[in-house]
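Below is one structure, written out as structure tokens, with a few remarks after it.
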Amino acid sequence: MKFPGYAVIIAGGRGTRFWPLSRARRPKQLLKLFSKNSMIRETADRILPLFGPARTLVVTVADQHAAVRKELPMLPKANFLAEPEGKNTAPCIGLAAIELSRRDPNAIMVILPADHWISDPKSFQRTLRMAVQLAQEENGLVTIGIRPNYPETGYGYIVKGQEIDRAEKIPCYRVRGFKEKPSLETASELLQSGSLWNSGIFVWKVSTFLGLLRRFAPEISQGLEQIEKKLAPKALGNLPLKLRPILRREYKKMPNISIDYAVLEKAGAEGKVLTLEADFGWSDVGNWAAVHRMFSRDNSGNGGVGKWLGFKSQGCLIYAPDRLVALLGMEDVFVVDTPDALVVGDMKRSQEVRELVEELEHKDHRKYTTR
């Protein structure tokens, strides 16, 4: 029996927290951090056994479209949807939803970020199977929560409500609320109370989602309805040039907002959001500190790629694929060396690389953040 549903890979981010390795034209999802394959290719390889190429879609932004297609040659051309500009996850997921609704009004969509790391693909696939079944039976919005093992301040958290009794081994709960990127103190309290990391993986019926989007985010829904009305029956992945201005016009009107704020928090307040408490070895690989945790490390806690030496140093990450980088007496720093730029930073502040990139662009160093 064919596995029901469609996979939607979201691949539009710039990955600015991985500067200088990542650039606007070489975003995080195209980096090869952990293997010979890019992160988006690894994401596709995990889900293709379930969905197959015909039922796997990718949403990216126009200036990354060609590079993303090159990474995934097994997917049909019509399965690549190009946003005219990035407007966060709510418009992005909405765009995929109207395309899937056109193909199959009863479709279930499984939304997956392109740039996450998962250590146990088999367990991951089992979780997706259960999530699809849950979305079919409950007609709600299903989120995948991850059991945390430390108080991470860079993640969003899912606050669990009442447990739903099911025969499967993966625990299932109503969602009581969401906490976005808390302080360290709050993150520790959430960890102690049993709250889950929000993985950003979602499963729901297209019809259910579009109905809730209409209610909770009409400014997005109305734009999508105009796009659908003007472009149908054209596949969004095969838009002729003369029709693309319609997409750009409607996108400009939409707010820049995440799916969490636009729909999930509001639907959760009405008891329409469920979460599965999963454990398949997950990281959103959100910054260099996350990469450091995932690399093998020496007895002093130093790890890295390429030619490096951490002499009388501890807890450091060194990414130096092209030339030797040596540290002396350093503690908890990350060093990333590329042919045209070098960054050295405090590991505890690796989230702030995004702000560093903004400052570089403000200081007219945009050529170092784009190419």
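The values are calculated or read from the model by the stated rules, or taken from the named source; none is laboratory data. Quantities reported herein were computed from a predicted structural model and do not represent experimental measurements. Here the Cβ positions follow ideal geometry from the backbone for every residue, glycine too, while neighbour counts run over all protein chains shown.
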Provide a single number: the residues in region 8-45 that are in contact (Cβ under 8 Å) with a residue 24 or more places away in the chain and polar (S, T, N, Q).
-> 4
From the options Val343, Val333, residue that is of a type in the set (A, V, I, L, M) and touching a Phe, Trp or Tyr at 6+ places or on another chain (Cβ under 8 Å) = Val343
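Please work out if Val273 is assigned by TED's automatic domain parsing to the domain that holds Gln125, in contact (Cβ under 8 Å) with a residue 12 or more places away in the chain, of a type outside the set (S, T, N, Q) and more than 29 Å from Ala62 (Cα to Cα).
In short, yes.
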Pairs, please: C-beta under 6 Å, at least 6 apart or cross-chain, first residue over 23 Å from Trp282 (Cα atoms) and in region 46-65, second charged (D, E, K, R)?
-> Val61/Glu83
Go over the candidates Ala262, Ala267 one by one and state the one that is closer than 30 Å to Arg214 by Cβ, in contact with a strand residue (DSSP E or B) (Cβ under 6 Å, 6 or more places away or on another chain), assigned by TED's automatic domain parsing to the domain that holds Leu33 and part of a helix (DSSP H, G or I).
-> Ala267
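Does Lys229 satisfy being within 22 Å of Ile10 (Cα to Cα), assigned by TED's automatic domain parsing to the domain that holds Thr43 and surrounded by fewer than 14 Cβ atoms within 10 Å (Cβ to Cβ)?
No: the conditions fail for Lys229.
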Could you tell me whether Lys272 is charged (D, E, K, R), modelled with pLDDT of 90 or more, surrounded by fewer than 17 Cβ atoms within 10 Å (Cβ to Cβ) and farther than 28 Å from Leu75 by Cβ?
-> no
What tally of residues in region 283-304 results from selecting those that are part of a strand (DSSP E or B) and surrounded by 21 or more Cβ atoms within 10 Å (Cβ to Cβ)?
-> 1
